[in-house]
């Protein structure tokens, strides 16, 4: 058992609305755009907070808890996410993935790990996590007195890639991160996109969520290693 209070997951960041099986499948990109617009409007009307309500039929968004099931599922998705980055040749560290979970449990005022899981009474299996977002609240490195929420990673299971459900998972994780940051009085929200894969898609998604770029990440391989 991981150290921490499993009851913290009762602070549910519930997904808005209900997902019915097969809804929107085959309707193409326009359905995804329409869904983005609908959820974006919901966020705006709630003052930037995640829309709260009962658990969705297919999905619930909540904080990580101290269960072994949560740990196994989180590490499994972290490993999958690592395989889909430009850094995939670097050995994956299960210990570092576990440390992210432990920090979120030990210091929830500054560290958050938000899970998107199957709704209802569906048990969370090792490969059953829909997605997660890791966020940290801290001060600007040259300033004081103002908190900035920084999303270090936001990942959706590859099994949901290209599906309407996958799009909803990503959107609702963004909503939940915004609520998490608001509850900690963060004045800014930053998202780091550093996996180096499908960069244009990520840029389009976050712009649709109402964000804008304030710079960029630049990458090269150390010439001495070539």
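Where a number appears in this text, it was derived from the coordinates with a stated rule and is not lab data. Keep in mind that this is a model prediction, so the values were computed, not measured. A quick note on method: Cβ atoms are made from the backbone with ideal geometry, for glycine too, and the neighbour counts reach across all protein chains shown.
Data overview
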| read-out | value |
| --- | --- |
| Per-residue Cβ neighbour rank within 10 angstrom, fewest leading, 218, 130, 115, 140 | 218, 140, 115, 130 |
| Per residue, the convex hull volume that the Cα atoms of the stretch 98-142 enclose (Å³) | 100 |
| Cα pair distances exceeding 17 angstrom across the stretch 65-115, given as percent | 36 |
| Distance between modelled label sites at residue 182 and residue 194, nm, 7 Å Cα→Cβ extension | 2.8 |
| Which of 188, 82 has the fewest Cβ neighbours within 10 Å, and the rest in rising order | 188, 82 |
| Rg(Cα) / (2.2 N^0.38 Å) computed for the stretch 148-226, rounded to two decimals | 1.26 |
| Computed lengthening from residue 163 to residue 201, 0.36 nm per intervening residue step minus Cα-Cα distance | 12.3 nm |
| Ascending count of other beta-carbon atoms within 10 Å, so fewest first, for 60, 213, 150 | 213, 150, 60 |
| Length released on extending from residue 68 to residue 211, taking residue separation times 0.36 nm less the Cα-Cα span | 48.0 nm |
